[in-house]
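Enquirer: Sharing a structure with you now.
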Amino acid sequence: MVTMSLTPSPGRMAVDFEERVDYDRLRSYRLARARAALDASELGALLVFDVNNIRYLTSTMIGEWARDKVARYALLMRDREPIVWDFGSAALHHEIYAPWLQPGNSRPGMLGLRGSVAPDAGLIARAVAEIRSELAAAGVADLPIGVDIAELPMVLELQRVGLDVRDGQQVMLDARQIKSADEIALLSTAAAMVDGVYQTLSEALKPGIRENELVAIANKQLYDMGSDDVEAINAVSGERCNPHPHNFSDRLIRPGDQAFFDIIQSYMGYRTCYYRTFVVGRATQPQKDAYTQCREWIDAAIDLVRPGVSTDQIARVWPKAEDFGFDSEMAAFGLQFGHGLGLALHERPIISRLNSLEHPMELQEGMVFALETYCPASDGVSAARIEEEIVVTADGPKVITLFPADELFVTNPY
């Protein structure tokens, strides 16, 4: 892993008097990781449609509107430079502004925008013919091709021309699970942005404001600070806390409400997932007790984090689903939870009692993930939710989410 000395959250500008994020080094690291994962697999090439994988391979990105269109794609073949097919004029933009791409390897492409142009128009067949020609020229057409996500007509056409289609997402996740120092700096910067938003929310959280107004305040502040995508903000208060609805509403905040938030956003593509819980004006004993238990569960998990520990060990310190009001681990999934962070919200490792007890994986230095716990209160409506983002270091866990969470935070106390 690349090492360098970094302040926990360097400024967002490039300067000549401090070493900060080196984007050339970041691009080289990501592509080298992907090449190594490809070489270690049985695949001859990776064909990716997931915009996070496209960014990891090619360091190209266009507007967030493209995230769910399956319109962009990239190809990485053994011993070849990556090729990206992008939306219309974006391909020419990359030719001008992305000199790390080999000349001619940023090309316009169009597949049909999730079927809006029907497959019989021939766009997918044309694209597959070009992909197969590249594979043949690289001498890998007879090897399996890994695909991450794709529309069914694309998969069927790849198979129709004789290509052996395999799961490429696992290879990409192998590559992405260990973060470089540059990636960790970007993740830390993204978390620092949310630190600031929680300060603002703690001051704004008072009777009479609505959940959606708080979400609007957070969105504006994040974009003002340089966020490139506020993916989602959960704002959950009062009787909506239990069970967790995973959304926000127009509910009015009232005195004594427990309220928790999850801020999911990215800086230079690198994501946060960062919960904090508050109580408005005054706290009841059931609310305090739930928070104390929630904190104990997350601290027990954090204390275990270090290289060589397996994810089942972490999952076992969390309560069974039945112990906090759910019928099964499937029903409680995501409440006592860990998930890798990077260009995507959910990367490796995924930690829960649902999957980790029987299919654990070993923690490695350079992994970055979030740990989150949830505890319903005995009053039947309140609940506590805490989440911390963790870097796995040789010396143990390093927490990069710094807004205070040791005790239940009472906003605007009476």
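Enquirer: Only one of these conditions is not met by S328: (1) under 19 Å from G396 (Cβ atoms); (2) without any contact (Cβ under 8 Å) to a residue 60 or more places away in the chain; (3) not acidic (D, E). Which number is it?
Expert: Exception for S328: condition (1).
Enquirer: Looking at (1) in contact (Cβ under 8 Å) with a residue 24 or more places away in the chain; (2) farther than 28 Å from S188 by Cβ, which is the one condition that is false for G104?
Expert: It is condition (1) that G104 fails.
Enquirer: Take the conditions on the phi > 0 side of the Ramachandran plot, out of contact with any Leu (no Cβ under 7 Å at 6 or more places or on another chain) and charged (D, E, K, R) and apply them to R107. Does it pass?
Expert: Against the criterion (on the phi > 0 side of the Ramachandran plot, out of contact with any Leu (no Cβ under 7 Å at 6 or more places or on another chain) and charged (D, E, K, R)), R107 does not qualify.
Enquirer: Considering only residues that are in a helix (DSSP H, G or I) and either in contact with a helix residue (DSSP H, G or I) (Cβ under 6 Å, 6 or more places away or on another chain) or among the charged types (D, E, K, R) (or both), look in segment 314-335 and name the one that is nearest to I386 (Cα to Cα).
Expert: I314
Enquirer: Please determine whether any residue of segment 286-301 is farther than 29 Å from L205 by Cα and without any contact (Cβ under 8 Å) to a residue 40 or more places away in the chain.
Expert: Checking segment 286-301: at least one residue is farther than 29 Å from L205 by Cα and without any contact (Cβ under 8 Å) to a residue 40 or more places away in the chain.
Enquirer: Sort out which residues of segment 69-123 are over 24 Å from the mean Cα position of the chain (by Cα), aromatic (F, W, Y) and not in a helix (DSSP H, G or I), and write them in order of number.
Expert: W100
Enquirer: Being crowded, with 21+ Cβ neighbours inside 10 Å, among the aliphatic types (A, V, I, L, M) and not assigned by TED's automatic domain parsing to the domain that holds L186 is the requirement here; does A32 meet it?
Expert: On the way: crowded, with 21+ Cβ neighbours inside 10 Å: no; among the aliphatic types (A, V, I, L, M): yes; not assigned by TED's automatic domain parsing to the domain that holds L186: yes.
Taking the combined requirement at face value, the residue does not satisfy it.
Enquirer: Taking the options S237, S227, name whichever one is under 27 Å from the mean Cα position of the chain (by Cα), polar (S, T, N, Q), within 17 Å of L341 (Cα to Cα) and buried (at least 17 other Cβ atoms within 10 Å of the Cβ).
Expert: Working: S237 fails: within 17 Å of L341 (Cα to Cα).
Going through S237, S227 in turn, just one is under 27 Å from the mean Cα position of the chain (by Cα), polar (S, T, N, Q), within 17 Å of L341 (Cα to Cα) and buried (at least 17 other Cβ atoms within 10 Å of the Cβ): S227.
Enquirer: Could you tell me which of the residues L46, L31 is in contact (Cβ under 8 Å) with a residue 40 or more places away in the chain, part of a strand (DSSP E or B) and either among the hydrophobic types (A, V, I, L, M, F, W, C) or in contact with a Cys (Cβ under 7 Å, 6 or more places away or on another chain) (or both)?
Expert: Of the residues listed, the single one that is in contact (Cβ under 8 Å) with a residue 40 or more places away in the chain, part of a strand (DSSP E or B) and either among the hydrophobic types (A, V, I, L, M, F, W, C) or in contact with a Cys (Cβ under 7 Å, 6 or more places away or on another chain) (or both) is L46.
Enquirer: Related question: Tally time: how many residues in segment 130-142 are in a helix (DSSP H, G or I), loosely packed, with under 13 Cβ neighbours inside 10 Å and not hydroxyl-bearing (S, T, Y)?
Expert: Summing the residues that are in a helix (DSSP H, G or I), loosely packed, with under 13 Cβ neighbours inside 10 Å and not hydroxyl-bearing (S, T, Y) in segment 130-142 gives 2.
Enquirer: Hey, another quick one. Would it be correct to say that G146 is in contact (Cβ under 8 Å) with a residue 60 or more places away in the chain and assigned by TED's automatic domain parsing to the domain that holds N105?
Expert: Answer is yes for this residue.
Table: residues versus (1) farther than 21 Å from L343 by Cα; (2) in contact with a Lys or Arg (Cβ under 9 Å, 6 or more places away or on another chain).
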position	(1), (2)
L47	no, no
I62	no, yes
P108	yes, no
V117	yes, no
G139	yes, yes
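Enquirer: Hey, among R126, R166, which residue is in contact (Cβ under 8 Å) with a residue 60 or more places away in the chain, of a type in the set (K, R) and in the same structural domain as V84 (by TED's automatic domain parsing)? Before you say what the answer is, go through the steps one by one.
Expert: Working: R126 fails: in contact (Cβ under 8 Å) with a residue 60 or more places away in the chain.
None of the others qualify; the one that does is R166.
The values are calculated or read from the model by the stated rules, or taken from the named source; none is laboratory data. Since the model is a prediction, treat every value here as computed from it, not as a measurement. We place every Cβ from the backbone using ideal geometry, glycine too, and count neighbours over all the protein chains shown.
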